[in-house]
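Heads up: the structure comes next, in structure tokens.
Just so it is clear, none of the values below were taken in a lab; they were calculated from the coordinates. As the structure is a computational prediction, the values presented were derived from the model and not from experiment. Every residue, glycine among them, receives a Cβ derived from its backbone with ideal geometry; neighbour counts consider all protein chains shown.
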């Protein structure tokens, strides 16, 4: 018989990718080679099992985090016209106005805004701890009173962990972080589908009395931050989009300034 | 349907492939997330009209390879473990019986080829393009991957025990 079999032909047969004529030749060859026939049959069975094994993944609900990786539609024309720095200021103003808060828009509007160390370090802390499955916090929400008392003592001013139940986020707990000029309090919240936000409360930054409510994006992290009564606050999240995070930040601000 | 919608529509397939590739659900979704972020960033490099699925899987392959760097040692350990397992008699309780684990015991580059061909039903040519390798390499990796699976599961392949009880 002229028909020659190579390994590629076996693969093509297993994958059902042979033309009818070639397949007929191949099957005749198999009849004469029972050991090969057995091997090919086993391979086909394993491949079927492989497809069945992972098929159910196609029907699983897609985690929200995967859907929110998609960039938002382009900014409106007015925003595109402005430089990013200008946009940052405009956004700060709009958000500040929205929560009825006194603003300190820099006089040099349009100049590049310096990167905020507060937002930067908050984003780093968020990125470090929010993916943690086993050790997201040092002290859990089940010991909230102890947590708040401990962190207050270490940062040197009275703290409160805002309650975000209204937004469906519950306190996971908190931890103490190193910072400059002193330790930082870090609270973590989580909603039922696993999305997390963290609140970074930093000791008074030198010479920075008050800062408008601002939004920035540090890598993948959305951050709303402000400095109030000489204490810096930053609410960060990778999973929660800007608008929803704004609602949360707004609530945090209100609760800390009743 | 525009490209963004097509990408979203392909997410379940990216997840299936990543799950088979990595086994662990969280790690798989992490890879998918990494892939999607890269895809959105690089979408302007995609040539309209070419195969978007193949392009996305290339993005995922690159993301995966990137993550593997520095983990080569671990992998070669896995390979030698496979040799050990394969040399055990079929009655040995240590034999890997679980299909999912058998797939995971394949070297990474063989597993990628196998999963694109079997789960994604990609042509050999498309698989070669997606992974940036010659078609002959696709064929030899595919053949070796299958043979290893067969050896690991030998005696089990025809048995209904192969199907995992969920």
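Structure above, values below:
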item: Per-residue Cβ neighbour rank within 10 angstrom, fewest leading, B:48, B:143, A:152; result: B:48, A:152, B:143
item: Average beta carbon contacts from partner chains per residue of A:40-52, 10 Å cutoff; result: 6
item: Cα-Cα P(r), segment B:1-69, percent of pairs per 10 Å interval; result: 21, 57, 20, 2
item: Distance (nanometres) between label positions extended 7 Å along Cα→Cβ at residue A:36 and residue A:127; result: 5.6
item: Added length on full extension, which subtracts the Cα-Cα distance from 0.36 nm per residue, residue A:157 to residue A:51; result: 32.3 nm
item: Part-to-part distance (alpha-carbon centres) for segment A:1-73 and segment A:122-136, which is given in Å; result: 42
item: Order of A:184, B:138 under a 10 Å beta carbon neighbour criterion, fewest first; result: A:184, B:138
item: Order of A:198, A:128 under a 10 Å beta carbon neighbour criterion, fewest first; result: A:128, A:198
item: Other protein chain Cβ atoms within 10 Å, averaged over every residue that makes up B:33-40; result: 3
